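**Student:** Have a look at the structure that comes next, please.
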Amino acid sequence: MKAITYQGVKDVRVKEVHDPKIERPDDIIIKVTSTAICGSDLHLIHGLVPNMPVNFILGHEAMGIVEETGPEVKDLRKGDRVIVPFPVACGHCWFCEHDLFSQCDNSNPHAEVGAIFGYSETFGGYAGGQAEYLRVPYANVGPLKIADDLTDEQVLFLTDILPTAYWGNLIGGVEKGSTVTVLGCGPVGLLAQKFAWALGAERVIAVDYIDYRLQHAKKYNNVEIINFNDHENTGGYIQEITKGGTDAVIDCVGMDGKMNVIEMIETALLIQGGSMSAILMASQAVRKAGTVALVGVYGLRYNQFPLGDFFARNVTLRMGQCPATAYVEELLNWIKEGKIDATDIITHRLDLSQGEKGYEIFDQKQDGCIKVILKP
């Protein structure tokens, strides 16, 4: 089969690889009908996530048609159409039983973190979904059947970015009357803005430095926009215009944000986990006793982390990998009822064979790219 593979830093290639096979009795194999490139995939190709072997198949946002099932798969049959949430989770450990699927205790033999499709040996070593076929372990837990009256594009983002954006608002404490700052106008940030309004926010401020993404946020999400290049201290500016800061700050940027020279050097030497610009901005933009939710991906450890700033102002920090499996059914109902529509963020639709081009335009922010969908 064809698949998008990691070949080294900033080097991805579409290659012929072996088809996946049933390995465990509760596995399924799906024929992928749609997959996508995620912002966190860029962390991999930038060398910010360790233990990425050459020829590793990328991708954790995929859906398709069931081709084969193991003997212990209960409710899925060949021909069923499914979305596959990005955490690989067993469904019966303490964490899964408490809806913390992204921290499953049994799916990752390599480390004391949960497992993710297509996200390095550190996160379980499971081949990803940017391919013609995908093996899905623990298939009695993750995959969700989808009716034929919904298009792939309507539901594909249930695999990751829709639950992540929703969960960011939930752990950020967003509710009726909240003021919210969303850092980043990439796919997760744009969806987080939609969810903030849907949960009753009265003011939503979006921050980025790429003008076309800011204009998209303004047009489709009706938010206030701030280009952080226009301000020496953007966090302080938000604190000023909101008279003390916003109730919640949702960081959808993560470690791949805009770096200063020192961060570039430290990251290259693996003594810093990437950019900390969004965290510093959040520490200033949040009000006293507010909440900062970190849903952009971070790695390793960080120098000059503003712990004292958070502590002195009684700020609550919430963070982590979204336990997406816990929210897919709820959000599927939101889609069916027309409460959320994520399709406006799709800017590029490419064949899987054009995966290298897809990564290039997404990474380099070319051609107004926000979200790339790939069709095997």
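The values are calculated or read from the model by the stated rules, or taken from the named source; none is laboratory data. Worth saying up front: this structure is predicted, and the values here are computed from it rather than measured. Cβ: placed from backbone, ideal geometry, glycine included. Neighbour counts: every protein chain shown.
**Student:** Contact list please: Cβ distance under 9 Å, first residue in the stretch 114-130 and free of Cβ contacts under 8 Å to residues at least 12 places away in the same chain, second residue in a loop (DSSP other than H, G, I, E, B), pairs at least six apart or on different chains.
**Tutor:** Partner pairs satisfying both residue conditions: none exist.
**Student:** Can you tell me which residues in the stretch 150-169 are surrounded by fewer than 21 Cβ atoms within 10 Å (Cβ to Cβ) and either without any contact (Cβ under 8 Å) to a residue 24 or more places away in the chain or among the acidic types (Asp, Glu) (or both)?
**Tutor:** Once the filter is applied, which keeps residues that are surrounded by fewer than 21 Cβ atoms within 10 Å (Cβ to Cβ) and either without any contact (Cβ under 8 Å) to a residue 24 or more places away in the chain or among the acidic types (Asp, Glu) (or both), the stretch 150-169 yields THR151, ASP152, GLU153.
**Student:** Can I ask one more? Tell me, which residue of the stretch 91-144 that is of a type in the set (A, V, I, L, M) and closer than 20 Å to VAL328 by Cα is surrounded by the most Cβ atoms within 10 Å (Cβ to Cβ)? Steps first, please.
**Tutor:** Of all residues in the stretch 91-144, those of a type in the set (A, V, I, L, M) come to 100, 111, 113, 115-116, 127, 131, 134, 136, 139, 141, 144.
After this cut, where a residue has to be closer than 20 Å to VAL328 by Cα as well, the list is 100, 115-116, 134, 136, 139, 141, 144.
Details: LEU100: 20, ALA115: 27, ILE116: 24, LEU134: 29, VAL136: 27, ALA139: 27, VAL141: 20, LEU144: 19.
This residue is LEU134.
**Student:** If you scan the stretch 134-190, which residues turn out to be part of a helix (DSSP H, G or I) and in contact with a Pro (Cβ under 9 Å, 6 or more places away or on another chain)?
**Tutor:** Matches in the stretch 134-190: PHE157, LEU158, THR159, ILE161, PRO163, ALA165, TRP167.
**Student:** Please go through (1) among the aliphatic types (A, V, I, L, M); (2) under 19 Å from LYS31 (Cα atoms); (3) crowded, with 23+ Cβ neighbours inside 10 Å for ALA147 and return the number of the only condition it doesn't satisfy.
**Tutor:** Among (1) among the aliphatic types (A, V, I, L, M); (2) under 19 Å from LYS31 (Cα atoms); (3) crowded, with 23+ Cβ neighbours inside 10 Å, ALA147 violates only (3).
**Student:** Same structure again: Taking the stretch 294-314, which residues are of a type in the set (Gly, Ala, Ser) and assigned to a loop (DSSP other than H, G, I, E, B)?
**Tutor:** Of everything in the stretch 294-314, those that are of a type in the set (Gly, Ala, Ser) and assigned to a loop (DSSP other than H, G, I, E, B) turn out to be GLY296, GLY299.
**Student:** Identify, by number, the condition in (1) surrounded by 24 or more Cβ atoms within 10 Å (Cβ to Cβ); (2) touching a strand residue (DSSP E or B) at 6+ places or on another chain (Cβ under 8 Å) that VAL188 doesn't meet.
**Tutor:** (2)
**Student:** So the check is Cβ under 6 Å with 6+ separation or different chains; which pairs have a first residue in the stretch 201-225 that's surrounded by 21 or more Cβ atoms within 10 Å (Cβ to Cβ) and a second one that's modelled with pLDDT under 95?
**Tutor:** What qualifies is VAL207/PHE228.
**Student:** Would you please list the contacts, defined by Cβ atoms under 8 Å and residues six or more apart or on different chains, that run from a residue in the stretch 326-344 that is in a helix (DSSP H, G or I) to a residue that is aromatic (Phe, Trp, Tyr)?
**Tutor:** Here the result reads ALA326/PHE101; LEU331/TYR166; ASP344/TYR220, each pair linking the stretch 326-344 to a residue that is aromatic (Phe, Trp, Tyr).
**Student:** Here is a further query. Hey, among TYR302, TYR298, which residue is surrounded by 15 or more Cβ atoms within 10 Å (Cβ to Cβ), closer than 30 Å to HIS92 by Cβ, in the same structural domain as TYR237 (by TED's automatic domain parsing) and aromatic (Phe, Trp, Tyr)?
**Tutor:** Result of the check over TYR302, TYR298: TYR298.
**Student:** Among the residues of the stretch 228-243, are any over 18 Å from GLY368 (Cα atoms) and within 21 Å of the chain's Cα centre (by Cα)?
**Tutor:** No - not one qualifying residue is present in the stretch 228-243.
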